[in-house]
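A quick write-up on the structure given underneath.
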Amino acid sequence: MLNTLRSYCFYVGYIISLIIIGLLSLPLLFLPTGFSAPIILLWNRFVLFWLRVCCGITHKIHGDIKHLPSPCVIVANHQSPWETIFLQLQFYPLTTVLKRELLRIPFFGWGMRILKPIAIDRSNPVQALKQIKKTGVERLKEGQSVLIFPEGTRQPVDQLGNFTRSGADIAKAADVPIVVIAHDAGHYWMNKKILKNPGTVNVYVGDVISVGDKNTKQVMQDIQQWIDEVL
């Protein structure tokens with residue numbers, strides 16, 4: 001019962017803050033990204049703070065996350081809304097690969113546009129893969145890291161979906177390293193469920209991977225195996 005009340009309290013603050021940052025983002029769309037993006041990311045900070053206050057959810061990082069190469073391609077498993085909020089804040093400046101429909105959501109989509117994500121049309125997988133690679137390389141050359149969830153959609157806890165090779169393809173084309181992140185956020189902030197479970201999200205930082213002349217499909221298979229073993 002207490003968890004339910006705390007979860008509803010969290011969403012009250014979550015929704016109100018989302019409306020505020022969404023309205024604020026409208027004039028910010030006309031300003032340089034370097035100025036407006038840090039303002040939008042204040043919402044990410046608030047959500048992580050409010051999650052801790054209301055639901056008792058914190059996080060612990062295993063590994064050195066402060067001295068990673070930048071720009072890079074960040075590859076992570078996808079369980080919960082938590083990891084997107086956390087990783088966008090942790091690795092800024094960063095662009096995220098996401099489905100185009102998210103940009104059409106009132107308030108949320110307005111703020112996301114400022115962060116200049118790589119918004120893809122999932123109904124056309126071939127074109128989406130080409131767009132991810134082309135735009136991803138462009139953003140990396142501009143000095144932004146690229147965040148990609150190779151499973152495509154969020155998966156149940158303790159289950160990994162099939163990993164696409166896009167992350168390794170981008171890294172190879174741009175000649176930048178890959179940073180692998182594994183986490184168990186789905187245990188605490190479950191996808192499409194209101195109830196939150198108090199606890200500590202474990203974030204594991206893998207070795208920095210240089211793709212070089214390696215086979216990109218094999219690289220992603222190795223990444224998937226590492227995440228599976230860690231979790």
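The values are calculated or read from the model by the stated rules, or taken from the named source; none is laboratory data. For clarity, every value in this text was computed on a predicted model and none was experimentally measured. Because the Cβ atoms are built from the backbone with ideal geometry, glycine has one as well, and the counts that use them run over all protein chains shown.
Among the residues that make up the stretch 192-211, is at least one of them touching a helix residue (DSSP H, G or I) at 6+ places or on another chain (Cβ under 7 Å), exposed (fewer than 14 other Cβ atoms within 10 Å of the Cβ) and either of a type outside the set (D, E) or part of a helix (DSSP H, G or I) (or both)?
Yes, the stretch 192-211 contains at least one residue that is touching a helix residue (DSSP H, G or I) at 6+ places or on another chain (Cβ under 7 Å), exposed (fewer than 14 other Cβ atoms within 10 Å of the Cβ) and either of a type outside the set (D, E) or part of a helix (DSSP H, G or I) (or both).
Of all the numbered requirements in (1) over 12 Å from I181 (Cβ atoms); (2) at pLDDT 95 or above; (3) of a type in the set (V, I, T); (4) outside any strand (DSSP E or B), I132 misses one, and that requirement is (2).
Please determine whether any residue of the stretch 82-98 is touching a Gly at 6+ places or on another chain (Cβ under 6 Å), closer than 25 Å to R122 by Cβ and either at pLDDT 95 or above or buried (at least 17 other Cβ atoms within 10 Å of the Cβ) (or both). The answer is no, given that none of the residues of the stretch 82-98 is touching a Gly at 6+ places or on another chain (Cβ under 6 Å), closer than 25 Å to R122 by Cβ and either at pLDDT 95 or above or buried (at least 17 other Cβ atoms within 10 Å of the Cβ) (or both).
Checked against the criterion of being touching a residue at least 40 places away in the same chain (Cβ under 8 Å), among the β-branched types (V, I, T) and either in a loop (DSSP other than H, G, I, E, B) or touching a strand residue (DSSP E or B) at 6+ places or on another chain (Cβ under 8 Å) (or both), the stretch 39-59 contains one or more residues that satisfy it. Considering only residues in the stretch 173-188 that are assigned to a helix (DSSP H, G or I) and in contact with a helix residue (DSSP H, G or I) (Cβ under 6 Å, 6 or more places away or on another chain), the one that is surrounded by the most Cβ atoms within 10 Å (Cβ to Cβ) turns out to be A185. Considering only the stretch 35-68, state which residues are surrounded by fewer than 17 Cβ atoms within 10 Å (Cβ to Cβ) and of a type in the set (G, A, S). Within the stretch 35-68, G56, G63 meet the criteria. If you go through the stretch 1-34 and keep only what is farther than 21 Å from I85 by Cβ, free of Cβ contacts under 8 Å to residues at least 12 places away in the same chain and loosely packed, with under 12 Cβ neighbours inside 10 Å, you end up with M1, L2, L5, P27, F30, P32.
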